[in-house]
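Asks: The following block contains the structure, expressed as structure tokens.
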Amino acid sequence: MEYDFQSIEKKWQRYWAENKTFKVYNESSKPKYYVLDMFPYPSGAGLHVGHPLGYIASDIYSRYMRLKGYNVLHPMGFDAFGLPAEQYAIQTGQHPDKTTEENISRYRRQMDNIGFSYDWDREVRTCDPEYYKWTQWAFLKMFDAYYDAEQDKARPISELIGKLRQEGKWDGLSEREKSDLLMNYRIAYQGETAVNWCPELGTVLANDEVKEGLSVRGGFPVEQKKMKQWQLRVSAYAERLLKGLEEIQWSDSLKEMQRNWIGKSEGCEILFKVSNGTIDYDMTIFTTRADTLFGVTFMVLAPESEWVKRLTTPEHKDEVEKYIAYVGKKTERERISETHTVTGVFSGSYAVNPLSGKNVPVWISEYVLAGYGTGAIMAVPAHDSRDYAFARKFDLQIVPLIEGCDVSSESFDAKEGIMCNSGFMNGMSVKQAIPAAIDYVEGHGIGHRKVNYRLRDAIFSRQRYWGEPFPIYYKDGIPMPVDEADLPLKLPEIDDFKPTEDGQPPLARAKDWTYKGYPLETSTMPGFAGSSAYYLRYMDPHNCDALVSKDANEYWRNVDLYIGGTEHATGHLIYSRFWDKFLYDMGYVCEYEPFRKLVNQGMIQGRSNFVYRIVGKNTFVSCGLKDKYRTTEIHVDINMVKNDVLDIGAFRKWRPEYADAEFVLEDGKYVCGSAVEKMSKSMFNVVNPDNVCRKYGADTLRLYEMFLGPIEQSKPWNTKGIDGVHRFLRKFWNMFFEGDVLAVTDNTPTSLELKSLHKLIGKAQSDIESFSFNTTVSAFMICINELGSLNCRERAILEPLVIVLSPFAPHICEELWERLGHEESISYASFPKYEEKYLKEDTFECPVSFNGKVRFKLTLEKGIPESEAEDIVLADPNTVHWLGGKPVRKVVFVPGRIINIVF
RNA sequence: GCGGGUAUGGCGUAAUUGGUAGCCGCGCAAGACUUAGGAUCUUGUGACUUCGGUCGUGGAGGUUCGAGUCCUCUUACCCGCACCA
């Protein structure tokens, strides 16, 4: 009987939708399991074969856990606010709402084609007012909270006001003073800092939205600018975000990425007396190398540091101002690319080294960052390469502090060796000197221990339209929260999505954008706002009274398995953990880590094809001959290329300018060049899963994507092996039929058949649980080959087989399940029990090798029970009694293993 | 520069976690059935070989009776961070 995957898949996709097979309830006697995918941003390009990789894996796991008897929450939604839809709106005037809606339905259609087992009744969309009501709600809660350092958690701001009142710092303040004071404490606060300003996008960006000085979305230059922005006090959670990593099952690399991003460094703050000749100040710097204090030969301030003004002496004023202006003009990108050019200027002031008492000059240089530490450093050129480069350029003194180190051509940065030139530290090793120096500094009142984090507060406002409006209005310029009862504060309609002529965000165009007669905030929230707590909303998506009810939250708790890409390592995955911890502090949720286990699926790269056009001509040269000409490489649509051979007819039709193109062929063919690149529309290398489904079916696509290799590995898409997987499914299908009739018997299976089945069950179980889906697929193929050659037709074998395969290839399995006479969906079946006893053989040979030379075989007699196998002594004492000079006592037979020799 | 990872046939990969290296699939070769094959089935397929064997998991050492797996050094590639004091 023919395996008609198209009608089978259509039939079951409809059946699942109509019967709500995968609807999941919050009440169940079963244990819960929560499997989550990172929800997609619905872009205009649609899904390509890379997207479903993680979705297929999570779907397999969900289906598997259902069969294992769990109540599985497996939802899907859309991260629908964001820049691309808005950029598109600006260009076309089309409302982002409309394009977003269209994109979502395309995504939905594509996902349905693959047969995912989502409970679509729980779908969330971040741009839906009923959803973003809770994003705004969380913001209000953060606005109304502060971080209590003593309890080490967030508390309502009313508690802080109580404390301030007791300390006499509250009563008598004006409204504005009160507001300004509280802004220094609120978790969500408005503050003026240097931000990443992207003029092209007309908005500020968070640190994780900027890479190499360019915006991640769009790749436009970004500059540093001081602006007043809404921010989230993520930095208050730095230590807890770091500690929490220890108890979650994420990959080491991902945890490491978060650790780096949080960037904890332990050191101390040290007070330096500085003087500009007329006034003396105390200036604080941060260092992790207090042991090098005796080698400090100059100080450096960041150009943006507030100390610059105070310490610039009149005779250096011109020069310093010129330098500051020069630095200020540079874009972030220029600053990064010119990292190795040393620039700086002398302020005219001097500082006193608190240990040696020597006067050292204070310089200003862009290599010191305003945002880290105190924006000022002590420079130890002998032991820091950056200070070294600076000292060499401006001819400053270099004092080595480690015996025998050579600083004639580079600094000695390693933390090893014996100290010298260092007063009381002389003779100590560096490892001893570091704590000794800190103790000394603390003991003499010139500084104190300090832990610094690289993690900054998250800039939370965007000067854009397509995002959540802030529930904030301004009463006489003082920011006030919108009443909770008035949420959601809906995004107003506007007719033009560009910023206003005077640089106001687009919301300033909205008519009547006011609340209680006062103007509302015109910025909107960033992309990560809506994605920070979406996993909580899935637990209770239709609740109008709470983000998630207490019952629902206590049942589902947190995500057991989260699958998604690494690209969110320092964005979403930090913010989401922060957001969750805040809600935990305030008692709204019961778990302080949102994602227990996280698996990163690798990227599926595209394989691009190129043609080579001779410069200035409309002639194209085949790849092997291209070196004989001056050519330019042009991406061609991979749909016009088969096995790297170009379909010339299709190419001529592709673009009008190629209609009369000419070709220089090799062996009568035009051979294209190829490369592995990111799958993207602009490189014409996108493989659409719809096409694969049409040609081979969703089950083949699912199996094939898993078969491609380990889930965490990145790999290029190639369709070469897909026929093999498809063939396997056809073979599987044919096992059930003789001609056009079902040929399944109720005979008792043979021991060989049972062995084959249980080998598969055992392997599938352990492999699925360790996410080795590629080896599971291999195991299926082996099993089907074995059973095929045994001409297996027994229901007792085939039925469990269908169940085991069903998480991977659900459509074909449902169809067979039904034909086997079952009325309920296979989702309600239970995973077959693995029975080791079927694997036992009557006789088996255990070859053992040692010394690389001698080999012998051990044969266990028929009928010897496993429990007695331990006591079997090797038959030939001359061969094995001595192994590497040690006597062999016994040989233990362990099922599934070859042999274990015990000495 | 710092951190993480990877390296196995022509290709994607596997190896019971220290125990017969190369499972499964692709590709390739031969054969069968065919008017035909980009269909299906069977068999073979790491290299060398004087057919006895020998060599073989990026490279060089080491531990071990035994190493793809553990340790040291080294090379190449991928990813992340990067004047973070």
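Asks: Using the Cα gyration tensor of region A:549-608, with a ≥ b ≥ c the square roots of its eigenvalues, what is the shape: rounded (a/c below 1.5), prolate (a/b larger than b/c) or oblate (neither)?
Replies: Prolate shape, in that a/c is at least 1.5 and a/b is the bigger ratio.
Asks: Just from its helices, what would the mean residue ellipticity at 222 nm be for chain A, if runs of 4 or more DSSP H residues each count -39500 (n - 2.57) and the sum is divided by every residue, rounded to the nearest 500 deg cm²/dmol?
Replies: Working: 28 runs with 293 residues, N = 903.
After summing the helix terms and dividing by the residues of chain A, the value is -9500 deg cm²/dmol.
Asks: For residue A:802, what charge total do you get from the other residues with a beta carbon under 11 Å from its beta carbon, if Lys and Arg give +1 and Asp and Glu give -1?
Replies: Charge balance near residue A:802 sits at -2.
Asks: With N set to the residue count of region A:741-827, report its C-alpha Rg divided by 2.2 N^0.38 Å to two decimal places.
Replies: Rg over 2.2 N^0.38 Å, computed on Cα atoms: 1.06.
Asks: Just to confirm the filter: which GluC sites (Glu not before Pro) across region A:1-97 are DSSP coil and have at most 12 other Cβ within 10 angstrom of their Cβ?
Replies: Answer in residue order: A:2, A:27.
Asks: Using Cα centres only, tell me the gap between region A:707-771 and region A:81-138 in whole Å.
Replies: Value for the Cα centre distance between the two parts: 37 Å.
Asks: Step through the table entries A:755/A:833; A:98/A:511; A:628/A:678; A:695/A:720; A:225/A:450, compare each Cα-Cα distance with 18 Å, and write down the pairs that go over it.
Replies: Checking Cα-Cα distances, A:98/A:511; A:628/A:678; A:225/A:450 exceed 18 Å.
Asks: What shape does region A:285-358 have by the C-alpha gyration tensor, where a ≥ b ≥ c are the square roots of the eigenvalues, rounded means a/c under 1.5, and otherwise prolate means a/b greater than b/c and oblate the rest?
Replies: On the way: a/c = 2.58, a/b = 1.39, b/c = 1.86.
Oblate shape, in that a/c is at least 1.5 and b/c is the bigger or equal ratio.
Asks: Moving on. Ordered by residue, what ³J(HN,Hα) values in Hz, to whole numbers, does region A:212-217 give under the Karplus form 6.51 cos²θ - 1.76 cosθ + 1.60, where θ = phi - 60° and Gly and Pro are x?
Replies: Each residue of region A:212-217 in turn: 6, x, 10, 5, 4, 8 Hz.
Asks: For region A:195-242, which chymotrypsin sites (Phe, Trp or Tyr not before Pro) pass both filters: DSSP loop (anything but H, G, I, E, B) and at most 12 other C-beta atoms within 10 Å?
Replies: Values: sites: A:197, A:230, A:237; in loops: none.
In loop regions of region A:195-242 (DSSP not H, G, I, E or B), there are no sparsely surrounded chymotrypsin sites (Phe, Trp or Tyr not before Pro).
Asks: Which whole-number percent is the relative contact order of region A:196-277 (Cα, under 8 Å, 6+ apart)?
Replies: 19
Asks: Show the residues, 5+ positions off or on another chain, whose built amide H is closer than 5 Å to the amide H of residue A:515.
Replies: So residue A:515 has HN proximity to A:520.
Asks: Sorted from largest down, what three extents in whole angstroms do the Cα atoms of region A:364-505 have along their principal axes?
Replies: If we take the Cα atoms of region A:364-505, the spans are 72, 36, 25 Å.
Asks: Taking H as built 1.01 Å from N, whose amide H comes closer than 5 Å to the amide H of residue A:80, not counting residues under 5 places away?
Replies: Amide H to amide H, under 5 Å and 5 or more residues apart or across chains, residue A:80 pairs with A:126, A:127.
Asks: Enumerate the calculated ³J(HN,Hα) couplings along region A:265-270 in order (Karplus 6.51 cos²θ - 1.76 cosθ + 1.60, θ = phi - 60°), each rounded to whole Hz, writing x wherever the residue is Gly or Pro.
Replies: 9, 9, x, 8, 9, 10
Asks: Can I ask one more? Give me the net charge for the shell around residue A:540: Cβ to Cβ below 14 angstrom, other residues only, Lys and Arg +1, Asp and Glu -1.
Replies: Combined, the nearby Lys, Arg, Asp and Glu give -2.
Asks: Now a separate question. Using a 1.4 angstrom probe and counting only protein chains, how large is the accessible area of residue A:651 in Å², to 10?
Replies: Accessible area, nearest 10 Å²: 0 Å².
Asks: Under the rule of at least 5 residues apart or a separate chain, name every residue whose amide H is placed under 5 Å from the amide H of residue A:447.
Replies: A:271
Asks: Right, here's the next one. What is the helix-to-structure angle for A:572-585, meaning the angle in degrees between its Cα long axis and the longest Cα principal axis of chain A, kept from 0 to 90 and rounded to the nearest 10?
Replies: Long axis of A:572-585 versus the principal axis of chain A: about 80 degrees.
Asks: While we're here: Among the listed pairs A:322/A:393; A:23/A:581; A:141/A:490, which have their C-alpha atoms separated by more than 26 angstrom in this model? Mind showing how you got there, number by number?
Replies: Values: A:322/A:393 19 Å; A:23/A:581 29 Å; A:141/A:490 18 Å.
Table pairs above 26 Å Cα-Cα are A:23/A:581.
Asks: Follow-up. Ranking request for peptides A:392-399, A:771-778: highest mean number of other beta-carbon atoms within 10 Å first, then the rest in descending order.
Replies: Sorting A:392-399, A:771-778 by mean packing, highest first, produces A:771-778, A:392-399.
Asks: At a 10 angstrom cut-off on C-beta neighbours, averaged per residue, how do the peptides A:164-171, A:623-630, A:418-425 rank from highest to lowest?
Replies: Top to bottom by mean Cβ count within 10 Å: A:418-425, A:623-630, A:164-171.
Asks: In region A:461-499, what trypsin sites (Lys or Arg not before Pro) fall in a loop by DSSP, with at most 13 other Cβ atoms inside 10 Å?
Replies: Filter output for region A:461-499: A:490.
Asks: Just the number: Rg to Rh for chain A, Cα atoms, Kirkwood Rh, two decimals.
Replies: Ratio of gyration radius to Kirkwood radius: 1.03.
Asks: What percent does the relative contact order of chain A come to when contacts are Cα pairs within less than 8 Å and at least six residues apart?
Replies: In percent, rounded to a whole number, it is 13.
Asks: At 1.4 Å probe size, what's the solvent-accessible area of residue A:572? Round to the nearest 10 Å².
Replies: 20
Asks: Tell me the angle of helix A:430-443 to the major Cα principal axis of chain A, expressed in degrees between 0 and 90 and rounded to the nearest ten.
Replies: 50
Asks: Tally Lys and Arg at +1 and Asp and Glu at -1 over the other residues with C-beta under 13 Å from the C-beta of residue A:411: what net charge comes out?
Replies: -1
Asks: Quick one: angle between helix A:157-166 and the longest Cα principal axis of chain A, in degrees between 0 and 90, rounded to 10, please.
Replies: Around 30 degrees separate the two axes.
The values are calculated or read from the model by the stated rules, or taken from the named source; none is laboratory data. Just so it is clear, the structure is predicted and the values come from calculations on it, not from any experiment. Please note: Cβ atoms are built from the backbone with ideal geometry, for glycine as well, and neighbour counts cover all protein chains shown. Quick note on the areas: whole protein, heavy atoms, side chains included, nothing else; ligands and nucleic acids left out. Shrake-Rupley method; radii C 1.70, N 1.55, O 1.52, S 1.80 Å.
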